Structure formats: C-alpha cells, structure tokens
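Encoded as structure tokens, the structure appears first; notes follow it.
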Amino acid sequence: MSLSKRALKRQRKLAEWEVRVETLHQKYPRLGEISRLFTQMSLEIAMLGMGKGKMGMTQEELLQAQEALQAEKNMLLQKNKLPENIYDVWWDCEKCQDTGFRGVGEKCSCLLQEEQEVRWQFSRLTPEQKEQTFNSFSLEWYEDKARYRTILQQCIEFAEKVCAGEKTENLFLCGSIGTGKTHLCSAIANYVLQAGLKVVYLKTGTILDMIREYKFNFEKSEILSPHEFKAFYQVGLLIIDDLGTEVSTDFVREQLFYLFDERINYRRPWIISTNLMPNEIGTMYEDRLSDRILGTSRILKFTGTSIRQLKAIKAKAINNVSS
Ligand SMILES: [Zn+2]
C-alpha cells in the first residue's frame, strides 16, 4: 500500500470512529453526558493549574469525580454488552496507528510485512516454493550426502553474497527432474527476499513469452508493465527455470543472449535451473550464448533418483505397513 493509500485509510478509520462515538451517544445519552463532563473536568484541572478554576472544586475532588464517571461508564458499557474499546480508533496496527512508521524513518513491522508481501508477489514464487528453505532441505534422500552437503553450502554462500551485494559467480543447476534443484532455487530466493532484495523466478518459456508480448504488443501489453519488463534485466536476482525447454528460434536465442549480456553489464547475478548438462548447452546454443551461460557460472550437478519418486515409494511403504 502506498503512503497516500495509508493516509486515506487512516482518514477512513478516524471518520468511522467519530460516527461510531456519535451514534453511541445518541443511543445512550448518559454515556454522552459522561464523556462531556469528563472533558470539562480535565479542562478545569488545567485551569486550576493556572489559578483560574471556575467550578469551585479542588483538584482532588475533580480527580475523584472523574474516577466515578469512569466507573459509571465502564458499568454502562458492560451492562449494555458494548466492547471495552468502543471509544478507541480501531487501527489495523496499534503500534503505528496505521502510519507504517514508528518514530522518524523507523518502519513499523506491519509496513515491513507489507513490503515483503509485495516483493514475494513480484517474485512469482508459488506458495509451495515459499515454504522451501535451506532449513527444510533434507540430505536424507541423497546417496552421496557429502556432495549434496557441499552443494547446499555453495547455495547458501551464493545467497549470502547476493544479499551483501558482493561479486559472485552465477549458479547453473543441472540434472534430472525431482532431484532438488527447485527446492534449492526457492531456498535461495526466499533467503534473498527475506533480506529485502527483489527476486524474479520464472520459467524460460514464460520470460520469452513476456518479452515477445512486450516487444510486439507494446501498446496493449497487459501482462507486463515497463517497470516489470526492466526487472528481467536489472532485478537483484533472476532465477530462470527449465532452460532448454523453449522452442529455439533466432528471436529466442537473440533475446536470451541480450538478457544475459545486460545482466552481466549491470552486474546482476542469476541462477539457471535446467535438465540439460553443460555439454548439451554447448550443442543447443551458439558459442557466444553458451559462453555467457557457462563461462560466468558455477556448475552444480544433481544426479540420482528423483526425490519425488523416493518420497512416493516411502509413503506407499508406510501405507502398506499401516493398512
Ligand atoms: Zn504498524
């Protein structure tokens, strides 16, 4: 929510509060009276302080009277089953009263949460991917645990460098389906998002569709704003899934080359996840493109049986035992 939207929301809340109190006092006139008396007495206490009291009561008497009014008010609220906070403005966030800030320039947790949500939506991670973290990455399924521990470590290091804005190699995750590439890509994405940076995670085909739509249908492009379009080239971290599944045409190769080249120029890192092995990249793409892809990247190979299959087999075995 933008700041002006927040200001509008605050105004709405305040207006709602005024109407609510007014309606309450119409329905329960005694409550209105109590409220007016209470205010009068507060004023009188202030006047007494300046030696200008008019009611002929001492400060102590006034305070006692206020206490009695307060008690009567509470009793009336209770008797009529009205909420205790009926006189409060009902902010969504009490801490910042919906301003988004606590003190000068200090963002409230509600604003940080909101910004995180926006970044998360922008990243296009699925809800399932949002749950995939380094912590939830299990080595249990791998035979060669030492190698995958190293891969995990390299992914963590990469994520840390991206967050710190340090120069880093890109990552090239290759291997068969279901071997944990997506989980680690998502884990890196979540780590970087958590640190407040922007990430975009997309399948190669989707990126190319978007570029095509943007280039050829610029006037009426609904799926991509210029801002989002620019993001492919400049976003803090770009994760490209399924490289190699796209239909290869001159246009596609040209756009991919341009994309990687731009990101190199802007010094923006990326991750590629693909079923293709490095030698297959060399066969599939011309030299200048495969150079951009492989020459800039650390290659992490995922081999072995699909974890998805292993999990399914285990689940089945447990079902058989329990039934
Ligand atoms: Zn807040």
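Spot the failing condition for Y142; the list is (1) closer than 28 Å to T179 by Cβ; (2) open to solvent by 30 Å² or more (accessible area, probe 1.4 Å); (3) of a type in the set (S, T, Y), and only one is missed. With respect to (1) closer than 28 Å to T179 by Cβ; (2) open to solvent by 30 Å² or more (accessible area, probe 1.4 Å); (3) of a type in the set (S, T, Y), Y142 is out only on (2).
Per-residue answers, yes or no, for (1) of a type in the set (G, A, S); (2) in contact (Cβ under 8 Å) with a residue 12 or more places away in the chain; (3) away from the ligand (no atom under 16 Å from the Cβ):
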{"position": "E84", "(1), (2), (3)": "no, no, yes"}
{"position": "E94", "(1), (2), (3)": "no, no, no"}
{"position": "D98", "(1), (2), (3)": "no, yes, no"}
{"position": "F101", "(1), (2), (3)": "no, no, no"}
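Residue by residue through the stretch 21-56, note down the ones that are more than 17 Å from N74 (Cα to Cα) and open to solvent by 60 Å² or more (accessible area, probe 1.4 Å). Selection gives E22, T23, Q26, Q40, L43, G49, M50, G51, K52, K54, M55, G56. The single condition among (1) modelled with pLDDT under 85; (2) open to solvent by 90 Å² or more (accessible area, probe 1.4 Å); (3) not acidic (D, E) that S225 does not satisfy is (2). For the stretch 52-71, the count of residues that are away from the ligand (no atom under 16 Å from the Cβ) and in contact (Cβ under 8 Å) with a residue 60 or more places away in the chain is zero. Quick check on L171: is it surrounded by 14 or more Cβ atoms within 10 Å (Cβ to Cβ), in contact with a helix residue (DSSP H, G or I) (Cβ under 9 Å, 6 or more places away or on another chain) and without any contact (Cβ under 8 Å) to a residue 40 or more places away in the chain? No. The lone criterion from (1) within 30 Å of L237 (Cβ to Cβ); (2) open to solvent by less than 40 Å² (accessible area, probe 1.4 Å); (3) within 16 Å of the ligand (Cβ to nearest atom) left unmet by Q132 is number (3).
Could you check, for the stretch 266-282, whether at least one of its residues is of a type in the set (F, W, Y) and within 19 Å of A164 (Cα to Cα)? Yes, because at least one residue in the stretch 266-282 is of a type in the set (F, W, Y) and within 19 Å of A164 (Cα to Cα). Given the criteria assigned by TED's automatic domain parsing to the domain that holds Y233 and either in a loop (DSSP other than H, G, I, E, B) or in contact with a Phe, Trp or Tyr (Cβ under 6 Å, 6 or more places away or on another chain) (or both), does T179 qualify? When the stated conditions are applied, T179 passes them.
Across the stretch 75-88, a minimum of one residue is classified as of a type in the set (K, R), surrounded by fewer than 17 Cβ atoms within 10 Å (Cβ to Cβ) and within 30 Å of E44 (Cβ to Cβ). Answer with yes or no whether V118 is closer than 30 Å to H25 by Cα, of a type outside the set (G, A, S) and more than 9 Å from the ligand (Cβ to nearest atom). When the stated conditions are applied, V118 does not pass them.
Just so you know, in the stretch 161-214 the residues that are of a type in the set (V, I, T) and touching a Lys or Arg at 6+ places or on another chain (Cβ under 7 Å) include one that is farthest from A231 (Cα to Cα), and it is T168. Evaluated against (1) open to solvent by 90 Å² or more (accessible area, probe 1.4 Å); (2) away from the ligand (no atom under 14 Å from the Cβ), Q113 falls short on exactly one condition, (2). Does at least one position in the stretch 21-29 carry a residue that is under 26 Å from C108 (Cβ atoms) and assigned to a helix (DSSP H, G or I)? Scanning the stretch 21-29 turns up at least one residue that is under 26 Å from C108 (Cβ atoms) and assigned to a helix (DSSP H, G or I).
The values are calculated or read from the model by the stated rules, or taken from the named source; none is laboratory data. Predicted model only: the values in this text are computed from it and were never measured. Here the Cβ is made from the backbone with ideal geometry for all residues, glycine too, and neighbour counts use every protein chain on show. These area figures cover heavy atoms from the full protein model, side chains too; ligands, DNA and RNA do not enter into them. Shrake-Rupley method; radii C 1.70, N 1.55, O 1.52, S 1.80 Å.
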